[in-house]
Structures are given as structure tokens and as C-alpha cells.
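Before any comments, here is the structure.
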Amino acid sequence: MQTDTRHPLPARLHSLAAMAGLLERLERIPTHSRSASAEQYRGVARQVSRLLAEAEPDELLHKLLDAAPATAELYENMRYDVAGLCRSPLEVALNAELAAGAAIAKARA
């Protein structure tokens, strides 16, 4: 017996889910064998970013982000100024914050 692991999404997230799926597929293709150009990749990333900016940050969006790591990373980067590394595990987030602070201090010196 199989368990249905799909999470039905409301219509407002369908476009985002489709584009997130495309971004995830592009992310999994090894760089040396990519058939999509860099401009095509950037176009998909821009479209996903636009859809993320329009999305309501609710539980359903976060479930979608849990299933789409590349999209979650874009989401986190878009909100870094107000939320930091809000979707990263605490230790990873802390190490990234410390590394960023060290890099900034080194650049200022």
C-alpha cells in the first residue's frame, strides 16, 4: 500500500510550484551537461523570484519551499535583510553569519 505524500496546493501557488519544479530540475543537471543556457537559467530564477515576492508567506508556501531547496534558497536570500538565514539550520546559519562578518571586516581592513 502506498501513502499519498502529495500536498494539494491552492491555485495561487500553482505557477510558483511549476517554476520551482523547473528550477529544481535545472539545479540537478551537472554543469558540464546542461542544455539550458545561463540566460535561460537566470530567466527561470528571475521568474521564481517574482512569484516568491508575490506569494503570501504562509504554511503552504513553506511546505512548497521545504520540497524545493533551490527555491527556498532564493526565498531566504530575498529576505536576508529582514530575516537573515531564516530557513537554514541554526548552526549553518550562525557559521554563515560569522563568515560574512569576517569577510566584511577583512574587506574593510
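The values are calculated or read from the model by the stated rules, or taken from the named source; none is laboratory data. Here the structure is a predicted model, which means the values were calculated and not measured. Glycine also receives a Cβ, built like all others from the backbone with ideal geometry; neighbour counts cover every protein chain displayed.
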### Query
How many residues does region 54-66 contain that are within 13 Å of Ser15 (Cα to Cα) and either of a type in the set (A, V, I, L, M) or touching a Cys at 6+ places or on another chain (Cβ under 7 Å) (or both)?
3
### Those residues of region 49-85 which are at pLDDT 85 or above and among the aromatic types (Phe, Trp, Tyr), in sequence order
Tyr75
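Residue by residue, here is whether (1) touching a residue at least 24 places away in the same chain (Cβ under 8 Å); (2) outside any helix (DSSP H, G or I) holds:
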| position | (1), (2) |
| --- | --- |
| Ala20 | yes, no |
| Arg25 | no, no |
| Ala36 | no, yes |
| Gln40 | no, no |
| Ser49 | yes, no |
| Ala53 | yes, no |
| Leu61 | yes, no |
